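Below: one structure, written as C-alpha coordinates.
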Amino acid sequence: MLQKHQMTRFPLLGRHQSVSCVSCHKNFSEHQYAGTPTACVACHKDAYLSARNPEHIAGGLSTDCSTCHNPTKGGFGTNFNHAQSNFPLSGRHAALQCTQCHANNNFQLTFSDCYQCHAQTFAEVKNPDHKGANFPHNCAQCHTTTAFKPSTFSHAATKYPIDGQHKTLQCAQCHTNNNYSLSYTGCNQCHASRAAAAVNPKHRNFPVACQQCHTTANAGFRPAPLWPGHASPIAPFTGKHATLACDQCHTNGALTYTDCYQCHAANYAATTNPNHAAGNYPKDCSQCHTTTAFKPSTFSHAATKFPIDGQHKTLQCAQCHTNNNYSLSYTGCSQCHASRAAAAVNPKHTNFPVACQQCHTTANAGFRPAPLWPGHASPIAPFTGKHATLTCDQCHTNGALTYTDCYQCHAANYAATTNPNHVTGNYPKDCSQCHTTTAFKPSTFSHAATKFPIDGQHSTLQCAQCHTNNNYSLSYTGCNQCHASRAAAAVNPKHTNFPVACQQCHTTANAGFRPAPLWPGHASPIAP
(Lines give C-alpha, C1' and ligand atoms only; values in the text may rest on other atoms or scores of the structure.)
Protein backbone atom coordinates (compact mmCIF):
# COMPACT_ATOMS: atom_id res chain seq x y z
CA MET A 1 0.00 0.00 0.00
CA LEU A 2 2.84 2.39 0.88
CA GLN A 3 4.47 1.81 -2.50
CA LYS A 4 1.23 2.71 -4.30
CA HIS A 5 0.87 5.87 -2.18
CA GLN A 6 4.30 7.03 -3.38
CA MET A 7 2.88 7.18 -6.92
CA THR A 8 0.16 9.68 -5.95
CA ARG A 9 0.38 13.46 -5.70
CA PHE A 10 1.03 13.15 -1.93
CA PRO A 11 3.93 10.69 -1.39
CA LEU A 12 4.41 9.69 2.25
CA LEU A 13 7.68 10.88 3.83
CA GLY A 14 9.14 10.55 7.33
CA ARG A 15 6.58 10.18 10.11
CA HIS A 16 3.73 10.21 7.59
CA GLN A 17 4.73 6.64 6.67
CA SER A 18 3.86 5.37 10.18
CA VAL A 19 0.42 7.03 10.33
CA SER A 20 -2.61 4.77 9.81
CA CYS A 21 -4.68 5.35 6.66
CA VAL A 22 -7.81 6.21 8.65
CA SER A 23 -6.02 9.13 10.30
CA CYS A 24 -6.19 11.06 7.03
CA HIS A 25 -8.75 9.17 4.93
CA LYS A 26 -11.91 9.60 7.06
CA ASN A 27 -13.94 7.53 4.56
CA PHE A 28 -11.45 4.68 4.70
CA SER A 29 -14.10 2.10 5.57
CA GLU A 30 -16.03 3.01 2.41
CA HIS A 31 -12.85 2.82 0.31
CA GLN A 32 -13.18 6.47 -0.56
CA TYR A 33 -9.71 8.06 -0.90
CA ALA A 34 -10.31 10.77 -3.48
CA GLY A 35 -10.72 14.33 -2.31
CA THR A 36 -8.46 14.04 0.72
CA PRO A 37 -6.86 17.49 1.23
CA THR A 38 -3.10 17.74 0.84
CA ALA A 39 -2.54 21.05 2.71
CA CYS A 40 -0.65 20.57 5.99
CA VAL A 41 -3.14 22.62 8.01
CA ALA A 42 -5.97 20.24 7.03
CA CYS A 43 -4.51 17.62 9.41
CA HIS A 44 -2.38 19.77 11.71
CA LYS A 45 -4.73 22.65 12.44
CA ASP A 46 -4.76 21.91 16.20
CA ALA A 47 -0.97 21.92 16.32
CA TYR A 48 -0.92 25.25 14.41
CA LEU A 49 -3.44 26.83 16.81
CA SER A 50 -1.69 25.59 19.96
CA ALA A 51 1.87 26.53 18.93
CA ARG A 52 3.37 29.11 21.33
CA ASN A 53 7.08 29.23 20.54
CA PRO A 54 6.56 31.19 18.45
CA GLU A 55 2.81 31.83 18.59
CA HIS A 56 1.74 31.04 15.02
CA ILE A 57 -1.62 32.84 14.92
CA ALA A 58 -0.48 36.08 16.59
CA GLY A 59 2.69 36.04 14.46
CA GLY A 60 0.66 35.57 11.26
CA LEU A 61 2.83 32.59 10.26
CA SER A 62 1.98 30.64 7.11
CA THR A 63 -0.43 27.69 7.34
CA ASP A 64 1.89 25.85 4.92
CA CYS A 65 3.83 23.94 7.59
CA SER A 66 6.41 22.76 5.03
CA THR A 67 7.90 26.27 4.86
CA CYS A 68 9.47 25.71 8.30
CA HIS A 69 8.95 22.01 9.20
CA ASN A 70 10.22 18.72 7.80
CA PRO A 71 8.14 15.51 8.07
CA THR A 72 11.36 13.50 8.36
CA LYS A 73 12.09 15.10 11.72
CA GLY A 74 10.16 14.08 14.81
CA GLY A 75 7.97 16.53 16.71
CA PHE A 76 7.66 19.13 13.95
CA GLY A 77 11.44 19.67 13.94
CA THR A 78 11.98 22.99 12.18
CA ASN A 79 14.04 23.42 9.04
CA PHE A 80 13.63 27.22 8.94
CA ASN A 81 16.85 28.97 7.88
CA HIS A 82 17.23 32.72 8.30
CA ALA A 83 19.89 32.63 5.57
CA GLN A 84 17.14 31.98 3.02
CA SER A 85 15.10 34.98 4.16
CA ASN A 86 15.44 38.64 3.13
CA PHE A 87 17.67 39.21 6.17
CA PRO A 88 20.39 36.53 6.58
CA LEU A 89 22.02 36.57 10.02
CA SER A 90 25.79 37.00 10.28
CA GLY A 91 28.30 38.22 12.84
CA ARG A 92 26.78 39.36 16.15
CA HIS A 93 23.28 39.13 14.67
CA ALA A 94 23.63 35.34 14.69
CA ALA A 95 24.12 35.34 18.48
CA LEU A 96 20.86 37.17 19.25
CA GLN A 97 17.69 35.58 20.59
CA CYS A 98 14.74 35.75 18.22
CA THR A 99 12.69 37.92 20.59
CA GLN A 100 15.41 40.59 20.67
CA CYS A 101 14.29 41.58 17.18
CA HIS A 102 10.86 39.99 16.88
CA ALA A 103 9.36 41.87 19.84
CA ASN A 104 5.71 41.30 20.76
CA ASN A 105 5.82 38.03 18.76
CA ASN A 106 6.03 40.04 15.50
CA PHE A 107 7.43 37.71 12.84
CA GLN A 108 6.25 39.90 9.97
CA LEU A 109 9.16 42.36 10.10
CA THR A 110 10.11 44.03 6.82
CA PHE A 111 13.78 44.99 6.75
CA SER A 112 14.31 48.58 5.54
CA ASP A 113 17.78 49.52 6.80
CA CYS A 114 20.12 49.24 9.79
CA TYR A 115 18.65 52.41 11.33
CA GLN A 116 15.47 50.42 11.94
CA CYS A 117 17.16 48.77 14.96
CA HIS A 118 20.20 51.00 15.59
CA ALA A 119 18.66 54.51 15.67
CA GLN A 120 19.80 55.09 19.28
CA THR A 121 23.38 54.09 18.51
CA PHE A 122 23.34 56.39 15.47
CA ALA A 123 22.17 59.32 17.63
CA GLU A 124 24.80 58.69 20.33
CA VAL A 125 27.89 58.53 18.07
CA LYS A 126 29.96 61.75 18.31
CA ASN A 127 33.23 60.86 16.59
CA PRO A 128 32.14 61.90 14.04
CA ASP A 129 28.69 63.22 14.97
CA HIS A 130 26.48 61.08 12.75
CA LYS A 131 23.27 62.96 13.45
CA GLY A 132 24.78 66.45 13.27
CA ALA A 133 26.54 65.63 10.01
CA ASN A 134 23.39 64.06 8.55
CA PHE A 135 25.13 60.74 7.85
CA PRO A 136 23.17 58.16 5.79
CA HIS A 137 21.10 55.69 7.83
CA ASN A 138 22.53 52.67 6.00
CA CYS A 139 25.15 51.62 8.57
CA ALA A 140 26.44 48.90 6.19
CA GLN A 141 28.24 51.56 4.16
CA CYS A 142 30.88 51.89 6.91
CA HIS A 143 30.24 49.08 9.44
CA THR A 144 29.92 45.29 9.50
CA THR A 145 27.84 42.95 11.66
CA THR A 146 31.00 41.86 13.49
CA ALA A 147 31.32 45.16 15.42
CA PHE A 148 30.72 48.88 14.95
CA LYS A 149 34.46 49.43 15.44
CA PRO A 150 36.67 49.61 13.55
CA SER A 151 34.71 51.30 10.78
CA THR A 152 35.19 49.96 7.24
CA PHE A 153 34.75 53.39 5.63
CA SER A 154 37.26 54.11 2.86
CA HIS A 155 37.62 57.45 1.12
CA ALA A 156 38.80 55.50 -1.95
CA ALA A 157 35.22 54.32 -2.48
CA THR A 158 33.91 57.89 -2.72
CA LYS A 159 34.09 60.33 -5.62
CA TYR A 160 37.19 61.84 -4.00
CA PRO A 161 39.87 59.25 -3.16
CA ILE A 162 42.61 60.46 -0.82
CA ASP A 163 46.23 60.11 -1.96
CA GLY A 164 49.60 61.88 -1.81
CA GLN A 165 49.86 64.87 0.52
CA HIS A 166 46.10 64.74 1.14
CA LYS A 167 46.64 61.57 3.21
CA THR A 168 48.56 63.55 5.87
CA LEU A 169 45.59 65.83 6.63
CA GLN A 170 43.16 65.50 9.53
CA CYS A 171 39.52 65.03 8.55
CA ALA A 172 38.47 68.31 10.16
CA GLN A 173 40.91 70.26 7.93
CA CYS A 174 38.52 69.67 5.02
CA HIS A 175 35.29 68.79 6.81
CA THR A 176 35.03 72.05 8.74
CA ASN A 177 32.02 72.66 11.00
CA ASN A 178 31.41 68.89 11.00
CA ASN A 179 30.30 69.10 7.36
CA TYR A 180 30.55 65.60 5.89
CA SER A 181 28.24 66.34 2.99
CA LEU A 182 30.89 67.99 0.84
CA SER A 183 30.47 67.72 -2.91
CA TYR A 184 33.79 67.86 -4.75
CA THR A 185 33.76 70.40 -7.60
CA GLY A 186 37.47 70.89 -8.24
CA CYS A 187 40.85 71.71 -6.70
CA ASN A 188 39.92 75.39 -6.66
CA GLN A 189 37.35 74.54 -4.00
CA CYS A 190 40.19 74.42 -1.44
CA HIS A 191 43.16 75.96 -3.26
CA ALA A 192 41.82 79.18 -4.80
CA SER A 193 44.04 81.35 -2.58
CA ARG A 194 47.17 79.42 -3.63
CA ALA A 195 46.35 79.94 -7.32
CA ALA A 196 45.77 83.67 -6.76
CA ALA A 197 49.16 84.00 -5.02
CA ALA A 198 51.18 82.15 -7.68
CA VAL A 199 53.70 84.37 -9.54
CA ASN A 200 55.97 82.00 -11.43
CA PRO A 201 54.10 81.97 -13.68
CA LYS A 202 51.15 84.14 -12.77
CA HIS A 203 48.01 82.01 -12.84
CA ARG A 204 45.74 84.82 -13.97
CA ASN A 205 43.09 83.28 -16.27
CA PHE A 206 44.60 79.84 -15.77
CA PRO A 207 42.10 76.95 -15.58
CA VAL A 208 41.02 76.11 -12.01
CA ALA A 209 41.69 72.40 -12.57
CA CYS A 210 45.07 72.27 -10.79
CA GLN A 211 45.56 68.60 -11.72
CA GLN A 212 46.32 69.61 -15.31
CA CYS A 213 49.82 70.60 -14.15
CA HIS A 214 50.14 69.43 -10.52
CA THR A 215 49.78 66.18 -8.58
CA THR A 216 49.06 65.43 -4.92
CA ALA A 217 52.51 63.84 -4.56
CA ASN A 218 54.31 67.16 -4.06
CA ALA A 219 53.96 69.42 -1.03
CA GLY A 220 53.46 73.13 -1.77
CA PHE A 221 52.52 72.41 -5.41
CA ARG A 222 56.22 72.25 -6.40
CA PRO A 223 57.44 71.13 -8.80
CA ALA A 224 54.56 71.05 -11.29
CA PRO A 225 55.53 67.72 -12.89
CA LEU A 226 53.10 67.88 -15.80
CA TRP A 227 54.33 71.24 -17.11
CA PRO A 228 57.94 70.74 -18.37
CA GLY A 229 57.92 69.97 -22.08
CA HIS A 230 54.24 70.97 -22.27
CA ALA A 231 53.25 67.34 -21.66
CA SER A 232 49.72 68.33 -20.63
CA PRO A 233 47.11 66.53 -22.71
CA ILE A 234 45.59 69.89 -23.68
CA ALA A 235 48.32 70.74 -26.20
CA PRO A 236 51.33 68.40 -26.06
CA PHE A 237 54.46 69.95 -27.54
CA THR A 238 56.34 68.15 -30.31
CA GLY A 239 58.57 69.15 -33.19
CA LYS A 240 59.23 72.86 -33.57
CA HIS A 241 56.66 73.71 -30.88
CA ALA A 242 58.99 72.26 -28.27
CA THR A 243 61.67 74.89 -29.07
CA LEU A 244 59.43 77.90 -28.34
CA ALA A 245 59.61 80.09 -25.24
CA CYS A 246 56.39 80.20 -23.15
CA ASP A 247 55.73 83.90 -23.76
CA GLN A 248 55.77 83.37 -27.53
CA CYS A 249 52.29 81.85 -27.13
CA HIS A 250 51.20 82.82 -23.63
CA THR A 251 51.15 86.56 -24.17
CA ASN A 252 48.36 87.16 -21.66
CA GLY A 253 47.96 84.32 -19.15
CA ALA A 254 46.24 81.09 -20.08
CA LEU A 255 45.30 80.02 -23.58
CA THR A 256 42.34 77.94 -24.69
CA TYR A 257 43.48 75.87 -27.64
CA THR A 258 40.96 75.82 -30.52
CA ASP A 259 43.00 74.82 -33.58
CA CYS A 260 46.25 75.48 -35.43
CA TYR A 261 44.77 78.52 -37.18
CA GLN A 262 44.82 80.27 -33.80
CA CYS A 263 48.57 80.82 -34.25
CA HIS A 264 49.10 80.09 -37.94
CA ALA A 265 46.46 82.26 -39.63
CA ALA A 266 49.17 84.18 -41.54
CA ASN A 267 50.70 80.97 -42.92
CA TYR A 268 47.24 79.75 -43.95
CA ALA A 269 46.44 82.99 -45.83
CA ALA A 270 49.83 83.09 -47.61
CA THR A 271 49.63 79.54 -49.01
CA THR A 272 48.72 79.48 -52.72
CA ASN A 273 49.65 75.97 -53.86
CA PRO A 274 46.90 75.12 -53.37
CA ASN A 275 45.16 78.29 -52.27
CA HIS A 276 43.88 77.47 -48.79
CA ALA A 277 41.73 80.56 -48.34
CA ALA A 278 40.06 80.40 -51.78
CA GLY A 279 39.57 76.64 -51.42
CA ASN A 280 38.04 77.10 -47.97
CA TYR A 281 40.41 74.53 -46.53
CA PRO A 282 39.77 73.34 -42.98
CA LYS A 283 41.67 75.35 -40.38
CA ASP A 284 42.91 72.30 -38.54
CA CYS A 285 46.40 72.19 -40.07
CA SER A 286 47.10 68.78 -38.45
CA GLN A 287 44.94 67.08 -41.07
CA CYS A 288 47.70 67.57 -43.64
CA HIS A 289 50.76 68.86 -41.74
CA THR A 290 52.95 67.90 -38.76
CA THR A 291 54.75 70.00 -36.15
CA THR A 292 58.08 69.14 -37.78
CA ALA A 293 57.45 71.36 -40.83
CA PHE A 294 54.64 72.53 -43.08
CA LYS A 295 56.31 70.72 -45.98
CA PRO A 296 55.96 68.02 -47.12
CA SER A 297 52.20 67.70 -46.59
CA THR A 298 50.91 64.40 -45.16
CA PHE A 299 47.53 64.60 -46.88
CA SER A 300 46.24 61.32 -48.31
CA HIS A 301 42.99 60.93 -50.23
CA ALA A 302 42.75 57.39 -48.83
CA ALA A 303 41.94 58.88 -45.43
CA THR A 304 38.90 60.76 -46.78
CA LYS A 305 35.42 59.46 -47.54
CA PHE A 306 36.46 59.14 -51.18
CA PRO A 307 39.68 57.09 -51.60
CA ILE A 308 41.27 57.36 -55.05
CA ASP A 309 41.86 54.11 -56.99
CA GLY A 310 41.72 52.66 -60.50
CA GLN A 311 41.20 55.14 -63.34
CA HIS A 312 40.58 57.93 -60.80
CA LYS A 313 44.30 57.86 -59.93
CA THR A 314 45.19 59.13 -63.41
CA LEU A 315 43.22 62.36 -62.97
CA GLN A 316 44.59 65.76 -62.03
CA CYS A 317 43.15 67.31 -58.85
CA ALA A 318 41.59 70.23 -60.76
CA GLN A 319 39.56 67.82 -62.93
CA CYS A 320 37.35 67.17 -59.91
CA HIS A 321 38.09 70.19 -57.72
CA THR A 322 36.98 72.78 -60.27
CA ASN A 323 37.07 76.47 -59.36
CA ASN A 324 39.54 75.58 -56.59
CA ASN A 325 36.72 73.90 -54.63
CA TYR A 326 38.32 71.57 -52.12
CA SER A 327 35.22 71.33 -49.94
CA LEU A 328 33.47 68.71 -52.04
CA SER A 329 31.12 66.37 -50.23
CA TYR A 330 30.90 62.99 -51.97
CA THR A 331 27.29 61.89 -52.53
CA GLY A 332 27.63 59.27 -55.27
CA CYS A 333 29.05 58.45 -58.71
CA SER A 334 26.24 60.42 -60.38
CA GLN A 335 27.78 63.55 -58.90
CA CYS A 336 30.40 63.42 -61.70
CA HIS A 337 29.03 60.83 -64.14
CA ALA A 338 25.39 61.82 -64.64
CA SER A 339 25.95 62.71 -68.32
CA ARG A 340 27.54 59.30 -69.01
CA ALA A 341 24.53 57.54 -67.50
CA ALA A 342 22.12 59.65 -69.58
CA ALA A 343 24.01 58.79 -72.79
CA ALA A 344 24.14 55.01 -72.18
CA VAL A 345 22.09 52.99 -74.75
CA ASN A 346 23.17 49.38 -74.23
CA PRO A 347 21.17 49.08 -72.10
CA LYS A 348 19.40 52.41 -71.63
CA HIS A 349 19.95 53.59 -68.07
CA THR A 350 16.60 55.33 -67.73
CA ASN A 351 15.44 54.95 -64.13
CA PHE A 352 18.60 52.98 -63.30
CA PRO A 353 20.05 53.60 -59.82
CA VAL A 354 22.65 56.39 -59.72
CA ALA A 355 25.05 54.19 -57.73
CA CYS A 356 27.27 53.18 -60.66
CA GLN A 357 29.34 50.86 -58.43
CA GLN A 358 26.53 48.33 -58.43
CA CYS A 359 27.64 47.28 -61.92
CA HIS A 360 30.91 49.12 -62.63
CA THR A 361 34.35 49.48 -61.02
CA THR A 362 37.04 52.15 -61.30
CA ALA A 363 39.38 49.61 -62.90
CA ASN A 364 37.90 49.99 -66.39
CA ALA A 365 38.19 53.09 -68.56
CA GLY A 366 34.97 54.23 -70.23
CA PHE A 367 32.86 52.08 -67.89
CA ARG A 368 33.40 48.99 -70.11
CA PRO A 369 32.99 46.16 -69.48
CA ALA A 370 30.54 46.30 -66.51
CA PRO A 371 32.15 43.40 -64.61
CA LEU A 372 29.44 43.08 -61.98
CA TRP A 373 26.57 42.65 -64.46
CA PRO A 374 27.13 39.32 -66.37
CA GLY A 375 25.16 36.50 -64.79
CA HIS A 376 23.16 39.03 -62.73
CA ALA A 377 25.71 38.51 -59.93
CA SER A 378 24.64 41.72 -58.19
CA PRO A 379 23.49 41.05 -54.59
CA ILE A 380 20.14 42.71 -55.42
CA ALA A 381 18.76 39.67 -57.28
CA PRO A 382 21.32 36.95 -58.15
CA PHE A 383 20.22 34.79 -61.11
CA THR A 384 20.07 30.98 -60.90
CA GLY A 385 18.21 28.21 -62.74
CA LYS A 386 15.84 29.29 -65.52
CA HIS A 387 16.26 32.95 -64.56
CA ALA A 388 19.79 32.82 -65.95
CA THR A 389 18.45 31.97 -69.44
CA LEU A 390 16.28 35.09 -69.74
CA THR A 391 17.14 38.19 -71.74
CA CYS A 392 17.28 41.49 -69.87
CA ASP A 393 14.23 43.03 -71.56
CA GLN A 394 12.03 40.11 -70.52
CA CYS A 395 12.07 41.62 -67.01
CA HIS A 396 13.43 45.14 -67.46
CA THR A 397 10.61 46.44 -69.65
CA ASN A 398 11.07 50.01 -68.42
CA GLY A 399 14.47 50.65 -66.88
CA ALA A 400 15.35 49.56 -63.37
CA LEU A 401 13.35 47.18 -61.23
CA THR A 402 12.99 47.03 -57.46
CA TYR A 403 12.66 43.40 -56.45
CA THR A 404 9.86 42.72 -53.94
CA ASP A 405 9.04 39.02 -54.30
CA CYS A 406 8.42 36.22 -56.82
CA TYR A 407 4.76 37.27 -57.26
CA GLN A 408 6.05 40.44 -58.92
CA CYS A 409 6.68 38.39 -62.10
CA HIS A 410 4.75 35.17 -61.48
CA ALA A 411 1.29 36.46 -60.53
CA ALA A 412 -0.26 34.67 -63.53
CA ASN A 413 1.30 31.32 -62.55
CA TYR A 414 0.09 31.82 -59.00
CA ALA A 415 -3.51 32.54 -60.13
CA ALA A 416 -3.59 29.58 -62.58
CA THR A 417 -2.48 26.94 -60.06
CA THR A 418 -5.40 24.77 -58.89
CA ASN A 419 -3.73 21.74 -57.33
CA PRO A 420 -3.85 23.11 -54.71
CA ASN A 421 -5.66 26.38 -55.46
CA HIS A 422 -3.18 29.06 -54.36
CA VAL A 423 -5.65 31.98 -54.53
CA THR A 424 -8.53 30.48 -52.52
CA GLY A 425 -6.05 28.89 -50.13
CA ASN A 426 -4.47 32.32 -49.57
CA TYR A 427 -0.99 30.87 -50.16
CA PRO A 428 1.99 33.15 -49.41
CA LYS A 429 3.25 35.01 -52.45
CA ASP A 430 6.88 34.18 -51.77
CA CYS A 431 7.18 31.26 -54.22
CA SER A 432 10.66 30.36 -52.89
CA GLN A 433 9.07 28.78 -49.81
CA CYS A 434 7.99 25.77 -51.91
CA HIS A 435 9.62 26.18 -55.35
CA THR A 436 13.10 26.67 -56.85
CA THR A 437 14.29 28.58 -59.91
CA THR A 438 14.86 25.26 -61.72
CA ALA A 439 11.13 24.57 -62.21
CA PHE A 440 7.80 25.02 -60.45
CA LYS A 441 7.46 21.22 -60.32
CA PRO A 442 8.17 19.25 -58.28
CA SER A 443 7.41 21.43 -55.23
CA THR A 444 9.95 21.46 -52.38
CA PHE A 445 7.29 21.92 -49.69
CA SER A 446 7.69 19.67 -46.64
CA HIS A 447 5.21 19.53 -43.75
CA ALA A 448 8.17 18.63 -41.49
CA ALA A 449 9.41 22.22 -41.82
CA THR A 450 6.14 23.65 -40.46
CA LYS A 451 4.95 23.92 -36.87
CA PHE A 452 2.95 20.69 -37.37
CA PRO A 453 5.13 17.82 -38.72
CA ILE A 454 3.14 14.85 -40.09
CA ASP A 455 3.87 11.37 -38.66
CA GLY A 456 2.13 8.14 -37.65
CA GLN A 457 -1.55 7.81 -38.64
CA HIS A 458 -1.53 11.45 -39.73
CA SER A 459 0.71 10.55 -42.68
CA THR A 460 -2.07 8.35 -44.15
CA LEU A 461 -4.53 11.25 -44.43
CA GLN A 462 -5.36 13.23 -47.54
CA CYS A 463 -4.58 16.95 -47.32
CA ALA A 464 -8.26 17.90 -47.71
CA GLN A 465 -9.18 15.89 -44.60
CA CYS A 466 -7.54 18.62 -42.48
CA HIS A 467 -7.46 21.55 -44.91
CA THR A 468 -11.24 21.65 -45.45
CA ASN A 469 -12.74 24.28 -47.74
CA ASN A 470 -9.25 24.64 -49.27
CA ASN A 471 -8.04 26.37 -46.11
CA TYR A 472 -4.25 26.20 -46.08
CA SER A 473 -3.84 28.94 -43.50
CA LEU A 474 -4.46 26.73 -40.49
CA SER A 475 -2.77 27.67 -37.24
CA TYR A 476 -2.11 24.64 -35.02
CA THR A 477 -3.36 25.14 -31.44
CA GLY A 478 -3.63 21.56 -30.14
CA CYS A 479 -5.05 18.06 -30.79
CA ASN A 480 -8.49 19.23 -29.61
CA GLN A 481 -8.60 21.41 -32.71
CA CYS A 482 -9.49 18.30 -34.77
CA HIS A 483 -10.33 15.63 -32.17
CA ALA A 484 -12.76 17.41 -29.82
CA SER A 485 -15.65 15.15 -30.89
CA ARG A 486 -13.60 11.99 -30.20
CA ALA A 487 -12.78 13.23 -26.70
CA ALA A 488 -16.45 14.06 -26.04
CA ALA A 489 -17.54 10.56 -27.17
CA ALA A 490 -14.96 8.66 -25.12
CA VAL A 491 -16.54 6.46 -22.39
CA ASN A 492 -13.75 4.19 -21.18
CA PRO A 493 -12.85 6.29 -19.33
CA LYS A 494 -15.06 9.33 -19.77
CA HIS A 495 -12.89 12.28 -20.78
CA THR A 496 -15.00 14.88 -19.03
CA ASN A 497 -12.64 17.60 -17.68
CA PHE A 498 -9.63 15.74 -19.14
CA PRO A 499 -6.88 17.98 -20.51
CA VAL A 500 -7.28 18.73 -24.21
CA ALA A 501 -3.63 17.85 -24.88
CA CYS A 502 -4.26 14.33 -26.26
CA GLN A 503 -0.51 13.68 -26.59
CA GLN A 504 -0.24 13.29 -22.82
CA CYS A 505 -1.74 9.79 -23.15
CA HIS A 506 -1.93 9.06 -26.91
CA THR A 507 0.47 9.00 -29.84
CA THR A 508 -0.08 9.25 -33.59
CA ALA A 509 1.19 5.67 -33.99
CA ASN A 510 -2.16 4.06 -33.05
CA ALA A 511 -5.34 4.19 -35.12
CA GLY A 512 -8.53 5.06 -33.26
CA PHE A 513 -6.57 6.26 -30.24
CA ARG A 514 -6.18 2.68 -28.89
CA PRO A 515 -4.34 1.58 -26.95
CA ALA A 516 -3.33 4.76 -25.08
CA PRO A 517 0.33 3.71 -24.61
CA LEU A 518 1.20 6.49 -22.20
CA TRP A 519 -1.45 5.51 -19.59
CA PRO A 520 -0.62 1.89 -18.35
CA GLY A 521 1.21 1.99 -15.06
CA HIS A 522 0.17 5.63 -14.68
CA ALA A 523 3.52 6.50 -16.29
CA SER A 524 2.20 9.87 -17.45
CA PRO A 525 4.21 12.77 -16.03
CA ILE A 526 0.95 14.13 -14.60
CA ALA A 527 0.90 11.74 -11.65
CA PRO A 528 3.46 8.93 -11.87
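The values are calculated or read from the model by the stated rules, or taken from the named source; none is laboratory data. The structure displayed is predicted, hence computed values, not measured ones. Here the Cβ positions follow ideal geometry from the backbone for every residue, glycine too, while neighbour counts run over all protein chains shown. The area values use the complete protein model at the heavy-atom level, side chains included, leaving out ligands, DNA and RNA. Shrake-Rupley method; radii C 1.70, N 1.55, O 1.52, S 1.80 Å.
Placing dummy labels 7 Å off each Cα toward the beta-carbon, the span from V41 to A448 is 5.5 nm.
Note on the stretch 9-111: Cα-Cα pairs beyond 21 Å make up 46% of the total pair count. Think of a 1.4 Å ball rolled over the protein heavy atoms: the chain then has 74 Å² of accessible area per residue.
In sequence order, the stretch 163-175 has phi-based couplings of 8, x, 5, 4, 5, 8, 7, 7, 3, 5, 5, 9, 8 Hz under the Karplus curve 6.51 cos²θ - 1.76 cosθ + 1.60, θ = phi - 60°, and Gly or Pro positions carry x. Comparing L315, H387, T271 along the charge dipole axis of the stretch 266-389, the residue lying farthest to the positive side is H387, per the Cβ-charge model. Taking amide H as placed 1.01 Å from N in the peptide plane, H69 has its amide H under 5 Å from the amide H of N79, each at least 5 places away in sequence or on another chain.
Close amide H contacts of H56 (hydrogens built in the peptide plane, cut-off under 5 Å, sequence separation of 5 or more or a different chain): A51.
In this structure, the amide hydrogen of H349, modeled 1.01 Å from its nitrogen in the peptide plane, lies closer than 5 angstrom to those of A344, counting only residues at least 5 positions away or on a different chain. A simple rule links phi to the HN-Hα coupling: the Karplus curve 6.51 cos²θ - 1.76 cosθ + 1.60 with θ = phi - 60°, which for the stretch 444-458 gives 9, 5, 9, 4, 5, 8, 8, 7, 9, x, 9, 8, x, 5, 4 Hz, with x for Gly and Pro. Normalised by 2.2 N^0.38 Å, where N is the number of residues, the C-alpha radius of gyration of the chain stands at 1.82.
Using only side-chain charges placed at the Cβ, +1 for Lys and Arg and -1 for Asp and Glu, the dipole size of the chain relative to its Cα centre rounds to 320 debye. Across the stretch 265-282, coupling constants 3J(HN,Hα) worked out from phi with the 6.51/-1.76/1.60 Karplus curve, θ = phi - 60°, read 4, 5, 4, 4, 5, 7, 6, 10, 10, x, 6, 5, 5, 5, x, 6, 5, x Hz, and Gly and Pro carry x.
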